[in-house]
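The values are calculated or read from the model by the stated rules, or taken from the named source; none is laboratory data. Predicted model, so just to flag it, every value in this text is computed and none were measured. Because the Cβ atoms are built from the backbone with ideal geometry, glycine has one as well, and the counts that use them run over all protein chains shown.
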Amino acid sequence: MRHVSKIRIMVFAAATAATTIIAAGCTTSAPLRTDASTSGIRAAEEAGATEVPQASLHLQLAKEELERANALAAKDEKEQAVSMLARAEADAELAVLLSREETEKSEAKAAVERVRQLRQDNKFAVVTNNPYPKGVSNENE
Amino acid sequence: MKTNNNILVFTACAGLFISCAATVPTELVNAREAYRRASTGVAARTAPAEVHVANQALAKAERSFQEKSDSFETRDLAYVAERKAQMAEATASITIEQENQAKAKNDYQATQGKIIAKTNQDLSKTRTALAASEQSGEMAAVQLSAEQEARAAAEKQAVDAQAALAKLAAVKEEPRGMVITLSGSVLFASNQTTLLPEALARLDQVADVLLTTRERNLTIEGHTDSQGSDSSNLTLSQARADAVRNYLVQRGYEADLIRSNGLGEGNPVADNGNAEGRANNRRVEIVVESKMYTLNQ
């Protein structure tokens, strides 16, 4: 029983070693795939991330993380490089969403203001209470 | 022996726990907090799919932490998990803002609808009022035109009457009205108060003309020359004025509109020193007053 266990452990260790060697070989040979990160950064810039402070911060982080990933790849530390690329992709994606959020907020605020102004200009016709008094929006922030 | 083993296992586990607790990477701490915020906030309701993705990312980071402790993989996976939780919150915020926009657009359309309905209602009222006003204006114009025509006819009648009177007797315009002077010698015999037969024909013609403007007040004034006493002249002039008044009333003129005044010799129009002057002073004047009033007033 004890003998069988040893054999199993040895087989498992050999298989693991082989897998590691193959993986290491593949990692060494395959170039770093930065497509998702770079396209994410571009999308964030197109979404206007540079104009929104919070989005701009994450865009900057994404760029720095992409540079660090490239630097790690250059030092042949591919696993860390790939892992760092995941950070860059996440920051770029968040920058896009934060830009969109700001755009939607602005448009919602403008829409509410249009309603308020319309009711203000036509008080004679709209006798109901104005739920949009000046300076107060119905944003759920 | 067994007790010693248990103590050893417990110590090892405690050591491992303390060791693990002490080395939880900041990224994982942040990821846990970010996920807690997302899963308990509005994102749980409005962006459940994104919260689920964040949950899976955090679970992956937690597994990495258990397997590889404070490794770069754990830190990077935790970092990504934190971002996924933040994405869930951002997505929730976007959804809410889009809902707000949709609501505001609906409100705008509803308000516009109300304004248009109210404007149409006001327009309809204005049109109705305008039509009524135009109709009223037309009626007023017709009424005004009729009044103008009536006034013109009355004025023409007065002018015609004045022209007719001028042929029968001396007529003059004075501030108190139109004065028709009839010679006393034509109307009465000397010192008499009964109208002569030929005077009746003359008065008939005058009465015909006066009856065309029978709404005017008349004052019949009797005048004498200076012969005789004042009192007898006053009595005589009053009796003659009364005779003329009675005749006009008999002809159909409204009695309430005629008064008679005997003025005696007090208002001569000619010299009483000669026969012609005295003849002119003996007269009856019919004053057709310009203002209307009744004797009862």
Self-check item: Total residues in region A:85-105, condition more than 9 Å from chain B (Cβ to nearest Cβ) and of a type in the set (S, T, N, Q)
Solution: 1
Quiz item: among the hydroxyl-bearing types (S, T, Y), within 25 Å of B:S190 (Cβ to Cβ), without any contact (Cβ under 8 Å) to a residue 24 or more places away in the chain and in the same structural domain as B:L182 (by TED's automatic domain parsing) - does that describe any residue in region B:206-228?
Solution: no
Practice problem: For region A:54-70, enumerate the residues that are more than 18 Å from B:R75 (Cα to Cα) and of a type in the set (A, V, I, L, M). | Solution: A:A55, A:L57, A:L59
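Please enumerate the residues belonging to region B:238-261 that are touching an Asp or Glu at 6+ places or on another chain (Cβ under 8 Å) and over 17 Å from B:R176 (Cβ atoms).
Quick first cut of region B:238-261, residues touching an Asp or Glu at 6+ places or on another chain (Cβ under 8 Å) only: B:241, B:251, B:257, B:260-261.
Selection gives B:R251 alone.
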Quiz item: Residue check: is A:K105 charged (D, E, K, R) and either touching a residue at least 60 places away in the same chain (Cβ under 8 Å) or touching an Asp or Glu at 6+ places or on another chain (Cβ under 6 Å) (or both)?
Solution: yes
Quiz item: Do you know which residues across region A:47-84 are within 11 Å of chain B (Cβ to nearest Cβ) and among the polar types (S, T, N, Q)?
Solution: A:Q54, A:Q80, A:S83
Practice problem: Evaluate the following for B:E97: is it more than 17 Å from A:S83 (Cα to Cα) and without any contact (Cβ under 8 Å) to a residue 24 or more places away in the chain? | Solution: yes
Quiz prompt | Filter result for B:A92 (over 25 Å from A:L118 (Cα atoms), more than 9 Å from every other protein chain (Cβ to nearest Cβ) and either surrounded by 15 or more Cβ atoms within 10 Å (Cβ to Cβ) or acidic (D, E) (or both)) | solution = yes
Self-check item: Residue pairs meeting the criteria (Cβ under 9 Å; at least 6 apart or on separate chains; first of a type outside the set (D, E), in region B:133-161; second modelled with pLDDT of 90 or more)
Solution: none
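Please count how many residues of region A:74-123 are closer than 30 Å to B:A78 by Cβ and part of a helix (DSSP H, G or I).
Kept after step one, since they are closer than 30 Å to B:A78 by Cβ, are these residues of region A:74-123: A:74-105.
Subsequent filtering for residues that are part of a helix (DSSP H, G or I) retains A:74, A:78-105.
Counting residues in region A:74-123 that are closer than 30 Å to B:A78 by Cβ and part of a helix (DSSP H, G or I) gives 29.
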